[in-house]
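The values are calculated or read from the model by the stated rules, or taken from the named source; none is laboratory data. In this text, all values refer to a predicted model and were calculated from it rather than measured experimentally. FYI the Cβ positions are ideal-geometry reconstructions off the backbone, even for glycines, and counts take in every protein chain you see. What goes into the accessible areas is simple: the full protein's heavy atoms, side chains included, and nothing from ligands, DNA or RNA. Shrake-Rupley method; radii C 1.70, N 1.55, O 1.52, S 1.80 Å.
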Amino acid sequence: LGGDLGIDIDLLKVGEAERPDFVFFNETAGCFLIEVPENVSTEKMFAGLPHSVIGKTTSDKVINVRNWSELLVSIPVDDLRTAWQKPMLEVFA
């Protein structure tokens with residue numbers, strides 16, 4: 001949200017995505033989500049370590065999540081920011 005960018009994610013790249021809810025809400029110890037510049041080779045950066053490139057950032061300010069070719073979620077970043085900030089604005093306004 002802070003970068004005001006969108007992202008395209010493909011759950012299939014995370015692993016077996018027969019149950020997208022498991023990918024989103026399953027406990028997976030020791031996982032990190034990081035962003036690297038497009039010109040950086042993740043094969044070199046993470047040589048010998050298990051990793052997956054699951055998507056890429058976009059300038060269109062929409063979060064798109066796909067499972068195979070099926071679009072599961074498409075939500076504007078501004079809508080997410082509003083939903084995230086709303087409870088705090090109600091308390092501290």
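For the range 47-58, the criterion of a residue being over 18 Å from Gly15 (Cα atoms), under 17 Å from the mean Cα position of the chain (by Cα), of a type in the set (Gly, Ala, Ser) and not in a loop (DSSP other than H, G, I, E, B) is satisfied by no position. Out of all the residues in the range 59-93, which are closer than 17 Å to Leu11 by Cβ and either in contact with a His (Cβ under 9 Å, 6 or more places away or on another chain) or open to solvent by less than 80 Å² (accessible area, probe 1.4 Å) (or both)? Once the filter is applied, which keeps residues that are closer than 17 Å to Leu11 by Cβ and either in contact with a His (Cβ under 9 Å, 6 or more places away or on another chain) or open to solvent by less than 80 Å² (accessible area, probe 1.4 Å) (or both), the range 59-93 yields Val62, Ile63, Asn64, Val65, Asn67, Leu72, Val73, Ser74, Ile75.
Of everything in the range 3-39 that is under 18 Å from Glu70 (Cβ atoms), part of a loop (DSSP other than H, G, I, E, B) and open to solvent by 100 Å² or more (accessible area, probe 1.4 Å), the residue that is modelled with the highest pLDDT is Arg19. The set of residues from the range 11-32 being in contact with a Ser or Thr (Cβ under 7 Å, 6 or more places away or on another chain) and aliphatic (A, V, I, L, M) comprises just one member, Val14.
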